[in-house]
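Q: Just passing along the structure, written as structure tokens.
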Amino acid sequence: MLVEISYLKKCAVVLLIPSVLAIRCFSATRPRDTIAFNESISDGQNLVSSNKKFVLGFFSPGASSHRYIGVWYNSVPRGTAVWIANRNDPVQDKSGVLKFDEVGNLIVKNGTGSSFIVASEMGVRDREAAILDTGNFVLRMTDRSKIIWESFASPTDTWLPGMNITLGNLLKSWKSYDDPATGDYTFGFGPSIANPSASQFIIMWNRISFWTSESWNGDTNSLIPVLKSMGIIPVSFQCDNLTCMYTPNPADIMTKIVLDQSGSLNITQFNSEAKLWTLLWRHPDSCDVSNLCGVNGVCNSSVSVSTSESICKCPEGFAPQEQSNSRKGCTRKTPLQCNGDRFIDMLNMTFPDNRQKLSVVEKSECEFACMENCSCTAYAHSLSDGCSLWHGNLTHLQNGVETLHLRVAASESHGHKMLWIAYVLPPVAFLVFCLISFIWIRRWKNKGKGKQHDHPLVMASDVMKLWESEDTGSHFMMLSFSQIENATDNFSTKNKLGEGGFGPVYKGNLPNGQDVAVKRLAANSGQGLPEFKNEILLIAKLQHSNLVGLLGCCIDGEEMLLIYEYMPNKSLDFFLFGLF
């Protein structure tokens with residue numbers, strides 16, 4: 001009998017050994033979801049939630065070599081972290097360790113010995129850190145009776161189901177695609193500025209509100225009514241006046257709301273068949289932020305936030321003011337030369353701020369007005385919107401549907417067709433007409449004295465027929481230089497109205513009492529006297545109803561002057577071109 005009992009004991013021991021080994025093996029291979037007070041995880045080791053929904057470990061975003069401790073979905077390939085512990089204090093290499101220090105703080109420590117505190121709860125040693133199936137990383141008592149700290153109370157850029165958002169618990173965007181450091185945008189929920197009794201979603205850019213949702217009224221879709229039109233409403237909000245959370249629809253589908261680095265709020269759900277995130281709703285357009293890309297910078301909202309490409313670009317002929325920050329604006333590579341500049345076409349744009357409207361019909365007139373004014377940096381023209389000019393630096397440039405003609409130095413025009421003839425043709429044509437008229441008058445006067453010109457350019461009858469054929473209805477005067485000297489008080493500075501690209505403009509008074517504006521063309525203006533026969537017709541056509549009337553001219557040796565109607569309370573550009 002005793003022999004049999006001894007034999008049975010030996011058999012039991014033999015049978016027990018494989019069971020113990022199996023338990024130990026299972027414990028060693030089973031992913032752990034907690035870090036005990038005396039444990040740690042190193043770079044390359046992970047925590048996995050109990051149902052394997054979320055992972056916590058070290059990672060590098062995008063092309064960055066920096067290491068961060070973060071949380072991401074376990075089943076999503078190439079998943080982006082939904083929470084980061086050390087977003088502003090990365091580890092420079094793979095020496096990082098997540099552990100408790102001697103006093104109970106949860107820290108990230110690197111190979112040099114420096115550390116970053118993830119959660120500061122000193123004095124309690126009976127604790128553990130755990131990653132939950134909700135994506136919440138928590139510090140809790142070992143018996144799990146109390147949560148001491150949670151990542152849901154310190155979110156980064158992602159709002160997960162079950163997380164409460166307030167004005168004190170904000171989403172904060174990444175700085176860039178490769179850099180999860182705190183960016184320029186925040187998202188929260190709280191009382192409306194306009195109506196404190198109502199609450200709404202708010203997106204801030206550098207602490208300036210630039211987007212708000214509708215107000216919460218108790219209806220799950222009142223904050224973002226457009227979600228109703230999507231057929232199946234992807235999320236249901238549960239809010240009060242101070243806090244807001246949501247549940248996905250369907251409840252078991254992976255859903256997240258992300259504030260991206262360009263300032264837009266994105267609602268996405270995971271398509272398990274395609275193994276990718278599907279964007280369901282995105283708002284607002286980050287380019288709605290006033291002057292987001294600085295002066296002369298172009299904002300392109302079509303740039304995907306899933307790439308490292310910058311939303312801000314510089315137009316042709318410009319370079320970033322700061323190479324490391326594309327949002328600091330752009331500066332010209334080559335300064336403008338005034339008379340030698342060109343225009344380049346910027347397609348698919350919206351018009352910048354602070355434009356000046358002109359009452360002209362033709363695009364060529366609009367272009368000429370901008371070219372003649374050295375401070376004009378861009379123009380636009382359309383049949384529906386007319387002519388617009390911009391002066392100085394351009395602000396709030398962004399992609400759209402319009403065409404903007406941007407002024408650049410000739411050396412920066414890169415193969416664009418030269419427009420010099422179009423710029424100078426109208427004033428040159430006026431001068432040619434004055435020259436023809438002057439020669440004809442002198443020839444007519446000299447006839448009485450028996451004097452003839454050997455080479456008349458054109459007969460007076462031809463000139464007048466051409467002028468009258470355009471039905472201008474105006475009388476053309478030929479004045480002597482002395483008459484104009486008397487009218488302008490010898491071109492005194494007190495009568496000087498200003499100076500354009502081709503010479504100064506003076507106010508004058510004719511003997512008949514009529515006030516005129518006299519444009520005295522500078523000798524170095526670059527204007528010549530080309531063949532005129534094909535240009536007489538253009539001269540007559542320029543007597544447009546929207547232009548200041550040309551009364552006459554004077555040619556005396558090298559002196560060439562144009563006499564316009566004078567209209568009080570008008571700018572210099574009015575007398576130069578008759579455009580405003």
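The values are calculated or read from the model by the stated rules, or taken from the named source; none is laboratory data. Treat the numbers as computed from the prediction; the structure is a model and nothing was measured. Note that we place each Cβ from the backbone using ideal geometry, even for glycine, and neighbour counts take in every protein chain shown.
Q: Collect the residues in region 98-113 that are under 21 Å from T142 (Cα atoms) and assigned to a strand (DSSP E or B), keeping them in residue-number order.
A: Looking only at region 98-113, we keep the residues that are under 21 Å from T142 (Cα atoms), and these are 98-108.
Matches in region 98-113: L98, K99, F100, L106, I107, V108.
Q: Is it true that K451 is outside any strand (DSSP E or B) and modelled with pLDDT under 80? Please lay out each step first, then the result.
A: On the way: outside any strand (DSSP E or B): yes; modelled with pLDDT under 80: yes.
When the stated conditions are applied, K451 passes them.
Q: Let me ask something else about it. Strands (runs of 3 or more DSSP E) wholly in region 295-352 with at least 1 residues that are surrounded by fewer than 14 Cβ atoms within 10 Å (Cβ to Cβ), in contact (Cβ under 8 Å) with a residue 24 or more places away in the chain and among the acidic types (D, E) - which ones? Don't jump to the end; show me each part of the working.
A: Numbers: elements: 318-320, 330-332, 341-350.
Counting at least 1 such residues, we get 341-350.
Q: Moving to a separate point now. So, in region 398-419, of the ones that are modelled with pLDDT of 90 or more and under 19 Å from the mean Cα position of the chain (by Cα), which residue ends up farthest from M371 (Cα to Cα)? Write out each step before concluding.
A: Our first condition is that a residue be modelled with pLDDT of 90 or more; within region 398-419, this holds for 402-409.
Right, trim to under 19 Å from the mean Cα position of the chain (by Cα) and you get 402-406.
Numbers: E402: 20, T403: 17, L404: 14, H405: 11, L406: 11 Å.
Out of the qualifying residues, it is E402.
Q: Where in region 474-580 are there helices (runs of 4 or more DSSP H), lying fully within it, with 2 or more residues that are within 22 Å of Q356 (Cβ to Cβ) and at pLDDT below 75? It would help to see each step written out before you state the result.
A: Working: elements: 481-487, 536-541, 572-577.
Once the helices (runs of 4 or more DSSP H) in region 474-580 are filtered for at least 2 residues that are within 22 Å of Q356 (Cβ to Cβ) and at pLDDT below 75, what remains is 572-577.
Q: Now a separate question. So which residues in region 353-390 are in contact (Cβ under 8 Å) with a residue 40 or more places away in the chain, not small (G, A, S) and not in a strand (DSSP E or B)?
A: Result: D353, N354, V360, V361, E365, E367, F368, M371, E372, N373, C374.
Q: Run down L242, L280, L276, L259 and say which single residue is over 17 Å from the mean Cα position of the chain (by Cα) and farther than 21 Å from F187 by Cα. Spell out the reasoning first.
A: On the way: L242 fails: farther than 21 Å from F187 by Cα; L280 fails: farther than 21 Å from F187 by Cα; L259 fails: farther than 21 Å from F187 by Cα.
Unique residue meeting the criteria: L276.
Q: Just give me the residues in region 240-275 being exposed (fewer than 13 other Cβ atoms within 10 Å of the Cβ) and either assigned to a strand (DSSP E or B) or in contact with a Pro (Cβ under 7 Å, 6 or more places away or on another chain) (or both), in sequence order.
A: N271, K275
Q: I would also like to ask the following. Being free of Cβ contacts under 8 Å to residues at least 60 places away in the same chain and surrounded by 20 or more Cβ atoms within 10 Å (Cβ to Cβ) is the filter here, so list the residues in region 391-408 that pass it.
A: Step one: of region 391-408, the residues free of Cβ contacts under 8 Å to residues at least 60 places away in the same chain are 391-392, 400-404.
Selection gives L404 alone.
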